[in-house]
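Throughout, read-outs are computed from the coordinates displayed, never taken from laboratory work. Values in this document were obtained by computation on a predicted structure and should not be read as measured data. All Cβ positions, even for glycine, are placed from backbone atoms using ideal geometry, and neighbour counts span all protein chains on display.
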Amino acid sequence: MDLKSVLRTVPGFPKEGITFIDVTTLVKDGKAFREAIRQLLEPFRSQKIDRVVGIESRGFIFGGAVALELGCGFVPVRKPGKLPAETYSESYELEYGTDTLEIHKDAVEAGQTVLVVDDLLATGGTAAAVLNMLKNFDCKVAGIAFVVELDFLNGRAKLGDIPVHSLVHYDSE
């Protein structure tokens with residue numbers, strides 16, 4: 001299935017000069033959504049993943065489904081003030097501003113293997129912030145899985161040697 005054909009592009013969102021890749025058209029299509037989840041987890045299926053870390057907010061959609069399929073726990077990474085217990089936080093730059101993310105301090109146990117899931121890799125700032133927060137835990141990061149990667153923004157460069165798996169690639173805006 002050609003997942004790229006199911007995605008919608010929205011020019012000028014969230015601000016002029018940005019072209020937004022909308023995954024809601026993919027998740028409303030049951031067959032496309034199932035195929036995306038299958039492809040996201042495929043490289044990691046043979047590994048023992050203990051936690052899937054999903055990044056707010058669309059990473060929750062894909063990460064929760066991947067965790068369910070892998071039979072492991074799900075950990076949300078949220079914007080400040082959304083998690084009720086003690087957190088680690090990390091600020092980062094977006095292609096159109098700055099933001100901060102938080103994760104519960106008890107989200108991952110020592111020795112666990114985690115898989116990070118999000119909908120889109122652009123500049124890599126969001127994923128790099130999550131990787132920095134995960135350094136607070138004595139865990140192994142198996143990889144990072146994205147539905148969409150904007151190759152022209154070279155976001156992989158910020159992620160070091162962590163395996164990156166993306167389903168759909170855009171070479172230009």
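Here is the list for the stretch 1-31: trypsin sites (Lys or Arg not before Pro) lying in DSSP coil, each with at most 15 other C-beta atoms within 10 angstrom of its C-beta, are Lys15, Lys28. If R0 is taken as 41 Å, the Cβ-Cβ distance between His104 and Lys31 corresponds to a FRET efficiency of 0.75. Would you give the gap between the C-alpha center of the stretch 102-173 and the C-alpha center of the stretch 56-89, rounded to a whole Å? Cα centroid to Cα centroid, the span is 13 Å. The helix-only estimate of mean residue ellipticity at 222 nm for the chain, built from DSSP H runs of length n ≥ 4 each weighted as -39500 (n - 2.57), is -6500 deg cm²/dmol after division by the residue total.
Please get the size of the charge dipole for the chain, origin at its Cα centre, with Cβ charges of +1 on Lys and Arg and -1 on Asp and Glu, quoted in debye to the nearest 20.
400 debye
About the Cα centre of the stretch 66-114, how large is the charge dipole given +1 on each Lys and Arg Cβ and -1 on each Asp and Glu Cβ? Please answer in debye to the nearest 20.
Numbers: 4 positive and 9 negative charges, 35 e Å.
Dipole magnitude for the stretch 66-114 comes out near 160 debye.
What you get for the stretch 42-133, charging only the Cβ of Lys and Arg (+1) and of Asp and Glu (-1), is a dipole of about 200 debye around the Cα centre.
Estimated translational diffusion coefficient (Stokes-Einstein, Kirkwood radius over Cα pairs, 25 °C, 0.890 mPa s) of the stretch 1-72: 183 µm² per second.
Please name which of Gly54, Thr126, His169 has its Cα lying farthest along the dipole of the chain towards the positive end, using unit charges on Cβ (Lys, Arg +1; Asp, Glu -1) and the Cα centre as origin. Value: Gly54.
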